[in-house]
Amino acid sequence: MKNIIKYWQQAALEMLFQVVLHLIVFVFYAFDWNSPGVEPFEVAFFFNYALVAFLINYLLLPRYLYAKAYLKFAFFVILLMAAALLIEEFVLEQIYFPYTRAQKFPGVFYTMLDILPVTVILIGFKFAWDALRKERELKDLQATIKESELQFLKSQINPHFLFNNMNNLYAHTIEQSPKTPEIILGLSAVLRYMLYDCKAEYVLLSKEIEHLQNFINISELQIEDRGSVCFAADLKGDYHIAPLILVVFVENAFKHSTASQSSNIFIEVKVVVKEEGELMFSCINSFEEQSNTEHLSNGIGLENVQKRLDLLYPDSYELTFKEEDNLFKVFLLLKLNQVA
């Protein structure tokens, strides 16, 4: 239904544009300082030219030119121009100028000088209108594709997170750990944010940091006394950020540290926002060399977040990975969107 309404709105807008355009072109065509007013022959001659332009615009352009059938397009354009010439010379001039212009044929070139200016202007504006419409349609299509891809990338994060934390919850439940209610409450807060608060393309940075803190609190439970987790945030100003960007790096840090180490786990997360809206994020985690670390920067999560950054922050971010001294480091510089 919306598509039908949009189609008719565009058709009405184009019709209005064509009416105004024809009136303007007719005024310039018929204007004469020596003979003010509109003569009947001027209306008839202009109608002849406008009819040719109409047939080219709404029949030949979509059927042949836009379909790249150039020879057919050229053939029918020449045919219509010839028809307009014949109508002018042997019909209209016989009616309006039977004793003057109708008595002598000035030649094809001279007559075409009357026909071409009007038809070329009308056809040119139609061609430009179609080009602008196609450009708008292309931008709408690109926006739709971008939105679909973003939704797909975002949807990949939730199952990944659930898989890791449901295993953690299951282990605590089997052991009848007193931390189980705390894990459930924390998991509930994180899921509430994922399902409801981060549906928009951008969210408040403060909300995203709150979610990051909740995520770290849950994940820290699986480390217990096997290491330390440090988190610090220093925010200035009110800014927006794409949701579930930063948490991917933190999730990756917990996953690889806990998988490769049974003790001396170290995870440090820092978020700093300067007054000019530049976010500086770092996430450092320890790991053991003998573990499977060759794919640390190529997992689904990190590949996912890089694609989202490319889509949402083109030319507005710097993301680097470093692996040294049994530490895997992520550094992100991101230009944030200020809250309106």
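The values are calculated or read from the model by the stated rules, or taken from the named source; none is laboratory data. What you are looking at is a predicted structure, and each value in this text was computed from that prediction instead of being measured. Don't worry about glycine lacking a Cβ; one is built from the backbone with ideal geometry, like all the others, and counts go over all protein chains shown. Ligands, DNA and RNA are excluded from the accessible area calculation, which covers all protein heavy atoms including side chains. Shrake-Rupley method; radii C 1.70, N 1.55, O 1.52, S 1.80 Å.
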Is one or more of the residues making up region 295-307 part of a helix (DSSP H, G or I), farther than 30 Å from residue 173 by Cα, at pLDDT 85 or above and open to solvent by less than 10 Å² (accessible area, probe 1.4 Å)?
no
Would you point out the residue of region 188-209, among those that are of a type in the set (Phe, Trp, Tyr) and more than 18 Å from residue 312 (Cα to Cα), that is modelled with the lowest pLDDT?
196
Considering residues of region 210-230 that are hydrophobic (A, V, I, L, M, F, W, C), surrounded by 17 or more Cβ atoms within 10 Å (Cβ to Cβ) and closer than 13 Å to residue 269 by Cβ only, the residue nearest to the chain's Cα centre (by Cα)
212
Looking at (1) within 19 Å of residue 187 (Cα to Cα); (2) under 29 Å from the mean Cα position of the chain (by Cα); (3) crowded, with 17+ Cβ neighbours inside 10 Å, find the lone condition where residue 240 falls short.
(1)
Quick test for you: out of 93, 89, pick the one residue that is acidic (Asp, Glu), farther than 29 Å from residue 127 by Cα and in a helix (DSSP H, G or I).
93
Candidate set: region 53-85, residues that are under 19 Å from residue 25 (Cβ atoms) and of a type in the set (Phe, Trp, Tyr); chosen: the one least open to solvent (accessible area, probe 1.4 Å):
58
Do we find that residue 233 is open to solvent by 50 Å² or more (accessible area, probe 1.4 Å), of a type in the set (A, V, I, L, M) and modelled with pLDDT of 80 or more in this structure?
yes
First in region 122-136 and in contact (Cβ under 8 Å) with a residue 60 or more places away in the chain, second anywhere and assigned to a helix (DSSP H, G or I) and open to solvent by 50 Å² or more (accessible area, probe 1.4 Å), Cβ under 7 Å, 6 or more apart
129/17
